[in-house]
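Student: Dumping the structure here so I can ask a few things about it.
Readers should treat all values here as calculations from the given coordinates under stated rules, not as data from a laboratory. Model, not experiment: these values are computed from the prediction. Counting neighbours? That spans all protein chains shown, and the Cβs are built from the backbone with ideal geometry, glycine included.
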């Protein structure tokens, strides 16, 4: 008796899942068409020099020795929150570029483009770095940890150099959206 109830539950859940997947496939074809020139307006600007300065080991060292321990902890927490914001922007930009790349390719199944691969690397780096940052920002409040972590340790996460993979994303975006007008292409690379 219980076996037949479990069997019917599994079958009904599978049928509901199939209906849901069919609905998702149907609704994805009805979405608004993306215009290539609009990609610029969906991107959040990321300052590459600020990004590099936040994960620079020399900047960490200089701050540690020039500020009092309390001032250094406050400054380091401010820098961590700023880096977390930049990571969010990087992840958002990679998702936007991947979506526009899919729209340009016509949602064709097959091996991903160079832009898709770069976007995946950036998202992976951002996911691991944001997780570590969230933990670092939570721990001092929870347990009163005295020594703040070095932000330079976040330059490499998940065996990916964050600055390098974001530069690869910029170059792949410039190649993928080469048909934009020169002013739009410049705005695209500036916003990245």
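Student: So what's the angle, to the nearest 10 degrees on a 0 to 90 scale, between helix 182-191 and the longest Cα principal axis of the chain?
Tutor: Around 70 degrees separate the two axes.
Student: Could I have the simple spin-label model distance between residue 63 and residue 139, label points 7 Å from Cα toward Cβ, reported in nm to one decimal?
Tutor: According to this spin-label approximation, the distance is 1.6 nm.
Student: Starting from the Cα of residue 53, step 7 Å along the direction of its Cβ; do the same at residue 152; then give the gap between the two resulting points in nm.
Tutor: 1.7
Student: Quick one: compute the contact order of the chain, relative version, from alpha carbon pairs under 8 angstrom and 6+ residues apart, as a percent.
Tutor: About 30 percent, as a whole number.
Student: Over the chain, with a Gaussian network built from C-alpha contacts below 10 Å, which listed residue (99, 17, 62) shows the highest mean-square fluctuation?
Tutor: 17
Student: When ranked by the protection proxy of mean other Cβ atoms within 10 Å per residue, highest first, what sequence do the peptides 63-76, 154-167 form?
Tutor: Output ranking for 63-76, 154-167: 154-167, 63-76.
Student: For the Cα atoms of the chain, what angle does the longest principal axis make with the long axis of helix 114-143, in degrees from 0 to 90, nearest 10?
Tutor: 60
Student: Can you tell me the 0 to 90 degree angle between the C-alpha axis of helix 57-66 and the longest principal axis of the chain, rounded to 10?
Tutor: Computed tilt is about 40 degrees.
Student: Moving on. With the crude spin-label approximation of a point 7 Å out along Cα→Cβ, what separation in nm comes out for residue 175 versus residue 103?
Tutor: Computed distance between label sites residue 175 and residue 103 equals 2.3 nm.
Student: Okay, helix-only estimate at 222 nm for the chain: each DSSP H run of n ≥ 4 adds -39500 (n - 2.57), divide by all residues, round to 500 deg cm²/dmol; what do you get?
Tutor: Computed ellipticity for the chain at 222 nm equals -24500 deg cm²/dmol.
Student: Compute the orientation-averaged projected area for the chain from the convex hull of its Cα atoms and round it to one decimal in nm².
Tutor: 16.3
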